[in-house]
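S.K.: Here it is: the structure, laid out below.
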């Protein structure tokens, strides 16, 4: 049963941002790889391909008392069904509708044991329409949340805006989520290597994915409702206090915390403790060992809505030795 | 002739069996109504039909009849062939020689669950949020439900159809008189469903690793918790006294005689197998039960003597489906890797 886990890329983006164009490119390009694509029923793919599966986004609330534990049951069913095929895939792409909250898709990969055994969430890729993004921000929370959740952002349609407008859009994206890698594109033209197989949810690659992860914080964006926050310390962490604090925090504020990740220097531990989560769901493990020359430091990152930086900082400081 | 697990032969050697490597995941298996042949639904789009007699010559690999994977197969209630559904959205009738004719086609949907009712000859198929019932050459749609139909089953008399979905179960009256559907609500996603063989209970397995059972007469319900994984396989005994469930390392049966199972532990028996049971199938007439494990082990259990014997050793490929021949002397099993197994239990 030790089959390799198939990487799953979640493709989000507001209506008309260029998701379908990107999918068509992936399906029609000669890359020698086989991707199953799960599209929402409203999407219109130009490619007729038996690896395209139509899905109705069927979100349900887990019956476990946690209101933000929403999951895409249709994905669980489709992934199970795809595994019954003789032909195997190099990857699976899941396209969400333009107005979808990426939370339930991501949480599906934390929740279901069968899905976890067979697939791994690779990255959330968000396509942003350079011309319309700023306008979309005022029309609801979706455009903002899609950027907040992203690991990779395609800042698309750059040919339709002036350099000044583009800089403004990019600044806004960075203010919401400075940790996502931004690629500027036209007509969704991008090297597949830039969006596939990124390992953004791989605990062992948290450092690799963000080379400056431990370098500097990004706390300058106080005016945003959705923003990121980082906390660092070079004192060691008391694991019990941290578990208790984080557990309570996610229980209370999980609905507003979209993504979180961290690397901790646990008191007396020879290895880094790494974790990452979506809303209230979290994965954690021991990472690479601290070498003699390493500076033992901890860093936590939160991306979410209405984050109270001072409160979070105080809470974390209470967990330090 | 009877199956007797106290016969020392069961502990010394594995029973005679035919095993064929089909090289495509097996989604489902079923014996034909007359018990002479057994079909396996394969991930390459073909349905492999083998003689039930393990010594009889078997035909080679079959041509694909579905595009993509075959997701479900049941005995044709109106003949000696089979009915299959696939991720190409087609429902096919297969003659005993494998010749296929199409019942209907739901473009863009998967036909992933089938049920057949022997006495009425009706076939039920899930396709997206609806269930379709084919009877006397007529196709009727029941639905759409609030979410995709995750499983379905006929009532004992074939007059009703139960569909599992988010938020519970919907029971449709499928006779000539159209009655409004009945809803049995319980929050969450219900992923497996079996109607008890006496028609009195409907059991479901849920996303939250528990099982839920409704009493039809009183519309009251009960929940049984404590499984380490989703219960995707449920099987009622022929006399409806016990409900077998997967996702435990030993055979696990909830007793429905007397006051029912609520507040009592289930009956657990047999040798602990490797891994967890992935499929269970109660014997069609007697007190036996077959269980396939996610490790590939296959066991036969006897609830009377609380014994179990191995029919196949673990090999790392999860058992995905089981079926009993109508006479209960042969057992078919398929696994993720594509091995087709027919065991002859007469010894």
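S.K.: Rg (Å, one decimal) plus Dmax (Å, integer) for the alpha carbons of the range A:224-317?
M.R.: Here Rg and the maximum Cα pair distance are 13.1, 41 Å.
S.K.: Could you state the angle between the C-alpha long axis of helix A:73-82 and the longest principal axis of the C-alpha atoms of chain A, as a value from 0 to 90 degrees rounded to the nearest 10?
M.R.: 60
S.K.: Could you work out the equivalent-ellipsoid semi-axes for the range A:6-201, taking the square root of 5 times each eigenvalue of the Cα gyration tensor, largest first, in whole Å?
M.R.: Semi-axis lengths for the range A:6-201 are 27, 20, 14 Å.
S.K.: Over chain B, what is the mean sequence separation of C-alpha contacts under 8 Å (at least six apart), divided by residue count, expressed as relative contact order in percent?
M.R.: 15
S.K.: Could I ask something else about it? Which FRET efficiency value, to the nearest 0.05, is calculated for residue B:222 and residue B:105 with the Förster distance at 35 angstrom and r the Cβ-Cβ distance?
M.R.: 0.30
S.K.: Related question: Under a plain spin-label model, where a point goes 7 Å from the Cα along Cα-to-Cβ, how far apart in nm are residue B:4 and residue A:193?
M.R.: 7.0
S.K.: Let me ask you something else. Could you check which residue among A:81, A:304, A:103 shows the biggest mean-square fluctuation in a GNM of chain A with a 10 Å Cα cutoff?
M.R.: Answer for the Gaussian network model of chain A: A:81.
S.K.: Run the numbers for residue A:204 and residue A:271: contour at 0.36 nm per residue of separation, minus the present Cα-Cα distance, in nm. Don't skip to the answer; put the middle values down first.
M.R.: Working: separation 67, 0.36 × 67 = 24.12 nm, distance 1.18 nm.
Taking 0.36 nm per residue and subtracting the Cα distance, the gain is 22.9 nm.
S.K.: Choose one answer from A:86, A:19, A:33: the residue with the largest mean-square fluctuation in a GNM of chain A with alpha-carbon springs under 10 Å.
M.R.: A:86
S.K.: Here's another thing I want to ask about it. Counting only DSSP beta bridges with both residues in the protein assembly as shown, tell me the antiparallel percent, nearest 5.
M.R.: Expressed as a percentage, antiparallel bridges in the protein assembly as shown total about 80.
S.K.: Would you tell me the mean number of C-beta atoms belonging to other protein chains that fall within 10 Å of each C-beta in B:182-188, as a whole number?
M.R.: Average neighbour count from other chains, rounded to a whole number: 2.
S.K.: Where a ≥ b ≥ c are the square roots of the eigenvalues of the C-alpha gyration tensor, would you call chain B rounded, which needs a/c under 1.5, or, failing that, prolate if a/b is larger than b/c, or oblate?
M.R.: oblate
S.K.: Taking 7 Å along the Cα-to-C-beta vector as the label spot, tell me the residue B:146-residue B:176 distance in nanometres, rounded to one decimal.
M.R.: 3.5
S.K.: Next question, about the same structure. Suppose the chain between residue B:200 and residue B:13 were pulled fully straight at 0.36 nm per residue; how much longer would it get relative to their current alpha carbon spacing?
M.R.: Gain on stretching residue B:200 to residue B:13: 63.3 nm.
S.K.: Mind telling me which of B:278, B:317, B:196 comes out most flexible in a GNM of chain B, alpha-carbon contacts under 10 Å?
M.R.: So, out of B:278, B:317, B:196, the one fluctuating most is B:317.
S.K.: So, by mean Cβ neighbours within 10 angstrom, what's the order for B:145-153, A:145-153 with the highest one leading?
M.R.: Packing proxy ranking, top to bottom: A:145-153, B:145-153.
S.K.: Something else about it: Cα centroid distance between the range B:236-315 and the range A:243-296, in Å?
M.R.: Between the Cα centre of the range B:236-315 and that of the range A:243-296, the gap is 41 Å.
S.K.: Can you pull the one-decimal nm distance between simple spin-label points at residue B:259 and residue B:139, each 7 Å off the Cα toward Cβ?
M.R.: Label at residue B:259, label at residue B:139, 5.0 nm between them.
S.K.: Would you kindly calculate the translational diffusion coefficient of the range B:128-195, applying Stokes-Einstein with the Kirkwood radius from alpha carbon pairs, for 10 °C and a viscosity of 1.306 mPa s, and quote it in µm² s⁻¹ without decimals?
M.R.: After rounding, the answer is 132 µm²/s.
S.K.: Here is a further query. Any chance you could give the angle, 0 to 90 degrees and rounded to 10, that helix A:163-176 forms with the longest Cα principal axis of chain A?
M.R.: For helix A:163-176, the angle is close to 50 degrees.
S.K.: I've got another one for you. Can you say what percent of the DSSP beta bridges in chain A, counting only those with both residues inside, are antiparallel? Round to 5. Don't skip to the end; give the middle numbers.
M.R.: Working: 31 of 61 bridges.
Counting DSSP beta bridges with both partners in chain A, the antiparallel share is about 50 percent.
S.K.: To continue, here is another question. Determine by what factor the alpha-carbon radius of gyration of the protein assembly as shown differs from 2.2 N^0.38 Å, reporting the quotient.
M.R.: 1.04
S.K.: Please give the average number of partner chain Cβ atoms lying within 10 Å of the Cβ of each residue in A:82-94, rounded to a whole number.
M.R.: Taking all residues of A:82-94 together, the mean is 4.
S.K.: Hey, another quick one. Sorted by mean Cβ packing within 10 Å, highest first, what order do the peptides B:223-235, B:201-213 take? Mind showing how you got there, number by number?
M.R.: Details: B:223-235: 18.2, B:201-213: 23.3.
Highest mean packing first, the order is B:201-213, B:223-235.
S.K.: Okay, next question. How shielded is B:67-77 by partner chains, expressed as the average number of their Cβ atoms within 10 Å of its Cβ atoms?
M.R.: Details: counts 1, 9, 7, 2, 4, 0, 0, 0, 0, 0, 0.
So the per-residue partner count for this stretch is 2.
S.K.: Multiply the residue gap between residue B:80 and residue B:21 by 0.36 nm, knock off their C-alpha separation, and tell me the result in nm, one decimal place. Present the calculation step by step, with values, prior to reporting the outcome.
M.R.: Working: separation 59, 0.36 × 59 = 21.24 nm, distance 2.46 nm.
Once the chain is fully extended between residue B:80 and residue B:21, it gains 18.8 nm.
S.K.: Can you work out the FRET efficiency for the pair residue A:314 and residue A:5, with r the C-beta to C-beta distance and R0 = 30 Å, to the nearest 0.05?
M.R.: That pair, residue A:314 with residue A:5, gives E of 0.20.
S.K.: Could I ask something else about it? Compute the acute angle (0 to 90°) between the alpha-carbon long axis of helix A:239-253 and the principal axis of greatest extent of the alpha-carbon atoms of chain A; round to the nearest 10°.
M.R.: The angle comes out at about 50 degrees.
Where a number appears in this text, it was derived from the coordinates with a stated rule and is not lab data. Since the structure is predicted, the reported quantities are computational estimates derived from the model, not experimental observations. Every residue, glycine among them, receives a Cβ derived from its backbone with ideal geometry; neighbour counts consider all protein chains shown.
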